[in-house]
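Here is the structure we will look at, set down as structure tokens.
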Amino acid sequence: MKVRAENHAMDCLTIPATGRTPGVSFDFANGHLRMTGESYPDDVAAFFGPVFEALRGFLDDPDGGPIRFDMELLYFNSSSAKALMNIFQMLETVAKGGRPVTLTWCVEENDESMRELGEDFAEDLRHVVFQMREMPAGGPP
Amino acid sequence: MLAQQYASIKRDLDDKGIVFSFSGYLSEGILYSLGEALREKLALEAADGPTIRRVFSVFVEQMQNIIRYSAEKLSGTAGRAVELSAGMVTIGMERGKVFIVCGNTVRNSEVPRLKERLDHLKSLDRDGIKTYYREQLREEPDDSSRGATLGLIEIARRASDPIDYDFNAMDADRSFFCLKVSV
């Protein structure tokens, strides 16, 4: 599966969602990062490689402002979980260095599995501000 | 004769409550298509989003285990790189619950380690599984597993009954491995 990544001078990274890969909208200029949809790529490394790379470039900027990360995935598989953990650890590192980071974990109402996963990921975030937000059901199952 | 033979296979599947079954070479493409059909079927039965995703999650991890670890693989190039893994997947309904049974060939040398992992998972209660998941989420995958442990924990976590597994020796080198999960 091919995804098209548009990367304009590191201002943003936009990858449209497919049936099995998430939508990525990283608005680096405003420090607003967002992932939507579902994630169970046939090749996790191929999908997340460019995402990590763009994110690393953004986080390496010493003059960077506050970051808001909205995790709105409805489902992700275990290989994607590892990739997400990587992303959150990168955010934790810059937060530890003093850059304000807020991670909002969005959960559809009654989705206890996703809520529990949020708690699993939040467990060792000490400097990133973690918040859980409930969304109304009605997205695609 | 032809119809009789296949009707008997079909009847066997129906009697076991099996709604979907696939045996043969599996690929990521089949995972995707079968997964879509499974979700549509569950949605028609008015299952809610979180329930559908719980079943779907077990299905994805089971399928990806076969695709990655089946000892019976075909690979080559047919215009592009092709890798196919033999196995079978059946999905059915039993006493109001969905069950997924996956089967594939494994090397006998891998059996003890797989057994150990599955027995360990079976011995844990809900909190134990949760703690184990948190630990493994932060671990680097060990050499040969390519993340199998987290996938198996995810399966055990979404299961409503303890997972059930079995091995059937085929010859000196290989066994048939089966994993049944009810959600």
Item to check | Residue satisfying condition, being modelled with pLDDT under 95 and of a type outside the set (Val, Ile, Thr), within set B:LEU121, B:LEU179 | outcome: B:LEU121
Next on the checklist: Cβ-Cβ under 9 Å, sequence separation 6+ or interchain: first residue in the range B:119-139 and loosely packed, with under 12 Cβ neighbours inside 10 Å, partner among the charged types (D, E, K, R). Which pairs?
Outcome noted: B:ARG126/B:ARG157
Checklist entry - Which ones in the range B:1-47 are within 14 Å of chain A (Cβ to nearest Cβ), part of a helix (DSSP H, G or I) and loosely packed, with under 10 Cβ neighbours inside 10 Å? => result B:LEU44
Item to check | Residue list for the range B:44-91, filter: among the charged types (D, E, K, R) and under 20 Å from the mean Cα position of the chain (by Cα) | outcome: B:ARG53, B:ARG54, B:GLU61, B:ARG68, B:GLU72, B:LYS73, B:GLU83
Next on the checklist: So, in the range B:168-183, how many residues would count as being in contact (Cβ under 8 Å) with a residue 60 or more places away in the chain and in a strand (DSSP E or B)?
Outcome noted: 10
Checklist entry - Within the range A:45-82, how many residues turn out to be more than 11 Å from chain B (Cβ to nearest Cβ), of a type in the set (D, E, K, R) and crowded, with 18+ Cβ neighbours inside 10 Å? => result 1
Checklist entry - Just a yes or no: is a residue in the range B:30-51 in contact (Cβ under 8 Å) with a residue 60 or more places away in the chain and in contact with a helix residue (DSSP H, G or I) (Cβ under 6 Å, 6 or more places away or on another chain)? => result no
Checklist outcome for this item: Those residues of the range B:55-71 which are farther than 10 Å from B:SER85 by Cα and hydroxyl-bearing (Ser, Thr, Tyr) amount to B:SER57
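A quick yes/no check of all residues on (1) more than 16 Å from the chain's Cα centre (by Cα); (2) in a strand (DSSP E or B):
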site	(1), (2)
A:LEU33	no, yes
A:ALA45	no, no
A:PHE48	no, no
A:ALA54	no, no
A:MET85	no, no
A:ARG99	yes, no
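Of everything in the range A:92-117 that's under 23 Å from B:PHE56 (Cβ atoms) and buried (at least 19 other Cβ atoms within 10 Å of the Cβ), which residue is nearest to the other protein chains (Cβ to nearest Cβ)?
It comes out as A:ASP111.
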Checklist entry - When the range B:50-86 is examined, which residues are found to be surrounded by 14 or more Cβ atoms within 10 Å (Cβ to Cβ), more than 13 Å from every other protein chain (Cβ to nearest Cβ) and of a type in the set (Gly, Ala, Ser)? => result B:SER70, B:ALA71, B:ALA86
Next on the checklist: Step by step: first the residues of the range A:123-140, then only those that are touching a Leu at 6+ places or on another chain (Cβ under 8 Å) and more than 16 Å from A:ARG34 (Cα to Cα), then the one that is farthest from the other protein chains (Cβ to nearest Cβ). Which residue is that?
Outcome noted: A:LEU125
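The values are calculated or read from the model by the stated rules, or taken from the named source; none is laboratory data. Only a predicted model underlies this, so the values are computations on that prediction, with no experimental measurement involved. Reconstructed Cβ throughout: ideal geometry from the backbone, glycine too, with neighbour counts over all protein chains shown.
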